[in-house]
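Chemist: Before we start, here is the structure in question, set down as structure tokens.
Just so it is clear, none of the values below were taken in a lab; they were calculated from the coordinates. From a predicted model like this one, the values you see are computed outputs, not experimental measurements. Note that we place each Cβ from the backbone using ideal geometry, even for glycine, and neighbour counts take in every protein chain shown.
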Amino acid sequence: MKIKYYKRISRADGSINHFIGVPPYIERVTADMSTSFDSLADARAYSLQVQAKYASHSRNSRKTKAVEAGTVKKLVEYYRSTENYVNLKPRSIASYELMIDTSLNVILPTHTISLGDMEARLISKEVVQKFIHQVRNNYSHHRALHSVKVMKLIWTVAENAGQVSGNPWRHSQIKKLPDREILWTHDQVDKFIAAADEMGLQSMGTLALMCYTMCQRPGDIRQLRWGDIKDDVFEFKQEKTGTKVYVPLAPSLKERVSQLDTSHAWEIILRYEVTGKPFTQWDYGKIARRIMRKANLPKELRIGDLRRTGTTRLADFGCTEDQIMSVTGHKSREMVSVYVKRSRDTAKDAIALAWGK
């Protein structure tokens, strides 16, 4: 997909600079500036955000009432002009755009045009069910589920604005994916770290240990800077929720971090050894899978499972819900209680404490 305002520039050291050059007429009304990025994904997300802000400005500047939505593509264009889209985080925009692109280009059985070219008023519950079947066959159940969620949101925004009548996506017949419950063992974490170090990828070993002992998402860990450590405590805002957390360094993590290069104390802590640059949201998962193969770890494990594993370990060792929430950043006891209930060891310890072994 072509990126608007994008220019690829080769640096003197051989690296690539992904540059988004915002035109002056857009900069004047959106306050967005031309800037460069280390990854193509970040550049694409920024470009989409700038376009959305300008579209919103243009729409709000028009004095005439918005016309009927027309095609599904037109409805999506309307959604991109709203504050609902503009205020999304860059990472969410990139994810939404993947689902939108998938949806608009689907051609349903017995149809000769894509969903994007169909009239929005003709999208019925029957069409939605055909859409689910087609996306699930072409991609996966996961892609179908999340595409439906995005399209339902687009219709809801349009319905609230009087652009469409009704929302055929609201009660779609698609099963929710079961909550992921896979956990690492402590030994598997050690094997992963050892394999990463053996492959010269100490940064990935450190990332795994941080996700595990700090009970945080990989997306937050990869963006931490040296300035986020104060008196052996990490202080930062979680990207997904904006929650500020204060997480002391566990002894094993403190020892490992002390061995890292701190010559650039203002920079991001973890850098990919091959490129010398911070990890992007796309590459750390692929690199982790290479390390897992080297360590002979089960294929079902994911680097993102380490947050759940670390949180369950807190419950295993008798931490209260309040203590767990202070570490993980969860905002409700209901969200944390699943970790406490999941642990059989916690139940065993409770019986042993109350009635003896």
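Chemist: Name the residue, out of S92, S147, that is crowded, with 17+ Cβ neighbours inside 10 Å and small (G, A, S).
Modeler: On the way: S92 fails: crowded, with 17+ Cβ neighbours inside 10 Å.
Step by step, each of S92, S147 is checked, and only S147 is crowded, with 17+ Cβ neighbours inside 10 Å and small (G, A, S).
Chemist: Here's another thing I want to ask about it. Can you pull out every residue in the range 156-165 that is in a helix (DSSP H, G or I), surrounded by fewer than 20 Cβ atoms within 10 Å (Cβ to Cβ) and not acidic (D, E)?
Modeler: T156, V157, N160
Chemist: Test P168 against the criterion of being buried (at least 16 other Cβ atoms within 10 Å of the Cβ) and within 27 Å of H57 (Cα to Cα), and give yes or no.
Modeler: Criteria not met by P168.
Chemist: Got a number for residues in the range 15-34 being polar (S, T, N, Q) and surrounded by 14 or more Cβ atoms within 10 Å (Cβ to Cβ)? Walk me through it before giving the result.
Modeler: Initially, the range 15-34 is screened for residues polar (S, T, N, Q), giving 15, 17, 30, 34.
Imposing the further condition that a residue be surrounded by 14 or more Cβ atoms within 10 Å (Cβ to Cβ) reduces the set to 30, 34.
Summing the residues that are polar (S, T, N, Q) and surrounded by 14 or more Cβ atoms within 10 Å (Cβ to Cβ) in the range 15-34 gives 2.
Chemist: Moving on. With the structure loaded, tell me whether V245 is assigned to a loop (DSSP other than H, G, I, E, B) and of a type outside the set (G, A, S) or whether it fails that test. It would help to see each step written out before you state the result.
Modeler: Working: assigned to a loop (DSSP other than H, G, I, E, B): no; of a type outside the set (G, A, S): yes.
No.
Chemist: Just name the residue that is farthest from F279 (Cα to Cα) out of those in the range 181-192 that are free of Cβ contacts under 8 Å to residues at least 12 places away in the same chain and charged (D, E, K, R).
Modeler: Filtering the range 181-192 for residues that are free of Cβ contacts under 8 Å to residues at least 12 places away in the same chain and charged (D, E, K, R), the one farthest from F279 (Cα to Cα) comes out as D187.
Chemist: While we're on this one: Name the residues in the range 1-32 that are within 23 Å of Q281 (Cα to Cα) and either of a type in the set (F, W, Y) or out of contact with any Lys or Arg (no Cβ under 9 Å at 6 or more places or on another chain) (or both), would you?
Modeler: Once the filter is applied, which keeps residues that are within 23 Å of Q281 (Cα to Cα) and either of a type in the set (F, W, Y) or out of contact with any Lys or Arg (no Cβ under 9 Å at 6 or more places or on another chain) (or both), the range 1-32 yields K2, K4, Y5, Y6, K7, R8, I9, S10, R11, G14, F19.
Chemist: I'd like the full set of residues that are assigned to a helix (DSSP H, G or I) and of a type outside the set (V, I, T), limited to the range 140-155.
Modeler: Result: H141, H142, R143, A144, L145, H146, S147, K149, M151, K152, L153, W155.
Chemist: Now, a different point. R225: under 23 Å from P278 (Cβ atoms), touching a Phe, Trp or Tyr at 6+ places or on another chain (Cβ under 8 Å) and not β-branched (V, I, T), yes or no?
Modeler: Yes: the conditions hold for R225.
Chemist: Can I ask one more? Please determine, by comparing only the residues of the range 18-43 that are touching a residue at least 60 places away in the same chain (Cβ under 8 Å) and not small (G, A, S), which one is nearest to S81 (Cα to Cα).
Modeler: If we take residues in the range 18-43 being touching a residue at least 60 places away in the same chain (Cβ under 8 Å) and not small (G, A, S), then D42 is nearest to S81 (Cα to Cα).
Chemist: Same structure, new question: Any idea how many residues of the range 85-135 are basic (K, R) and closer than 30 Å to R217 by Cα?
Modeler: Looking only at that region, the number is 2.
Chemist: Right, another one. Output the residue which, of all residues in the range 193-231 that are outside any helix (DSSP H, G or I) and without any contact (Cβ under 8 Å) to a residue 12 or more places away in the chain, is nearest to the chain's Cα centre (by Cα).
Modeler: Looking at the filtered set, the residue picked out is K230.
Chemist: When the range 171-192 is examined, which residues are found to be of a type in the set (S, T, N, Q) and in a loop (DSSP other than H, G, I, E, B)?
Modeler: S172, Q173, T185
Chemist: Looking only at residues in the range 35-49 that are buried (at least 17 other Cβ atoms within 10 Å of the Cβ) and hydroxyl-bearing (S, T, Y), which one is farthest from S92 (Cα to Cα)?
Modeler: The selected residue is S39.
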